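Notes to accompany the following structure.
The values are calculated or read from the model by the stated rules, or taken from the named source; none is laboratory data. All values reported here derive from a predicted model rather than from experimental measurement. No Cβ is skipped: glycine too gets one built from the backbone with ideal geometry, and neighbour counts run over all protein chains shown. The area values use the complete protein model at the heavy-atom level, side chains included, leaving out ligands, DNA and RNA. Shrake-Rupley method; radii C 1.70, N 1.55, O 1.52, S 1.80 Å.
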Amino acid sequence: MSRVLWHVTMSVDGFIAGPEHGMDWVFEQPAPPEASSDVAPRVGAILSGRHTYDVGQRDVGKGSGEAFEGAWSGPEFVLTTHPPAEPLPAGSPTFLSGDIGAAVATARAAAGDGDLLVLGADVVLQCVEAGLVDELLVHIAPLLLGDGVRLYGGPGRGRVDLELVEATGTVLRYRVLGT
């Protein structure tokens, strides 16, 4: 059975995006080979939020806007309350609105036997709070951002227990046990 995988790059001080949700620093980091070579072949579909999609579109062509530096292709879904007004070309992501559970179910069905990769702070937070994430894979980037969007937390956020599955270089893999 496929898993729901949260794969993220995080600064040493715990941020997954900089101030104002800035993501440029992420694209300056080389992808750890152990993460990309292990994860990309397992991914059957991707579900992200609109902001993550927009950042990726901005950076396509710079070698950083495509999943796994262009080494992956498959169905992509974007959960948003603001779908594009104009029709997108064939092969573009499918835009979904509504409940996170329904969005995950749709994307997971498209993933088949592969894993569903969830991206984007808001979408991931919704998935974590709904108990939908099976595994967390964190690449630790060698920098301190000082401010920005934390990996997890904030007012009213509950505890989530994790089990360390693997630690290799700058990559930590956890099984999500629950809230």
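Quick one: in region 20-44, which of the residues that are of a type in the set (D, E, K, R) and in a helix (DSSP H, G or I) is modelled with the lowest pLDDT?
Only one residue fits best here, namely Glu34.
Applying the selection to region 112-135, what residues are open to solvent by less than 50 Å² (accessible area, probe 1.4 Å), part of a loop (DSSP other than H, G, I, E, B), over 26 Å from Pro30 (Cα atoms) and touching a helix residue (DSSP H, G or I) at 6+ places or on another chain (Cβ under 9 Å)?
The one that is open to solvent by less than 50 Å² (accessible area, probe 1.4 Å), part of a loop (DSSP other than H, G, I, E, B), over 26 Å from Pro30 (Cα atoms) and touching a helix residue (DSSP H, G or I) at 6+ places or on another chain (Cβ under 9 Å): Leu132.
Looking only at region 136-179, which residues are in a loop (DSSP other than H, G, I, E, B) and within 20 Å of Val39 (Cα to Cα)?
Leu151, Gly169, Thr170
Against the definition (on the phi < 0 side of the Ramachandran plot and in contact (Cβ under 8 Å) with a residue 60 or more places away in the chain), how does Thr106 come out, yes or no?
No.
Restricting the search to region 46-79, which residues are among the charged types (D, E, K, R), within 21 Å of Val104 (Cα to Cα) and at pLDDT 65 or above?
Arg50, Asp54, Glu76
With (1) touching a residue at least 40 places away in the same chain (Cβ under 8 Å); (2) farther than 19 Å from Thr52 by Cβ; (3) open to solvent by 50 Å² or more (accessible area, probe 1.4 Å) as the list, and Val171 as the residue in question, which single condition is left unmet?
Every listed condition holds for Val171 apart from (3).
Looking at Ala107, Ala167 in this structure, which one is hydrophobic (A, V, I, L, M, F, W, C) and either at pLDDT 95 or above or more than 25 Å from Trp72 (Cα to Cα) (or both)?
Being hydrophobic (A, V, I, L, M, F, W, C) and either at pLDDT 95 or above or more than 25 Å from Trp72 (Cα to Cα) (or both) holds for just one of Ala107, Ala167, which is Ala107.
When region 141-156 is examined, which residues are found to be open to solvent by less than 90 Å² (accessible area, probe 1.4 Å) and at negative phi?
Selection gives Ala141, Leu143, Leu145, Asp147, Val149, Leu151, Tyr152.
Can you work out which of the residues in region 9-31 that are under 15 Å from the mean Cα position of the chain (by Cα) and of a type in the set (A, V, I, L, M, F, W, C) is farthest from Val171 (Cα to Cα)?
Residue satisfying both the conditions and the ranking: Met23.
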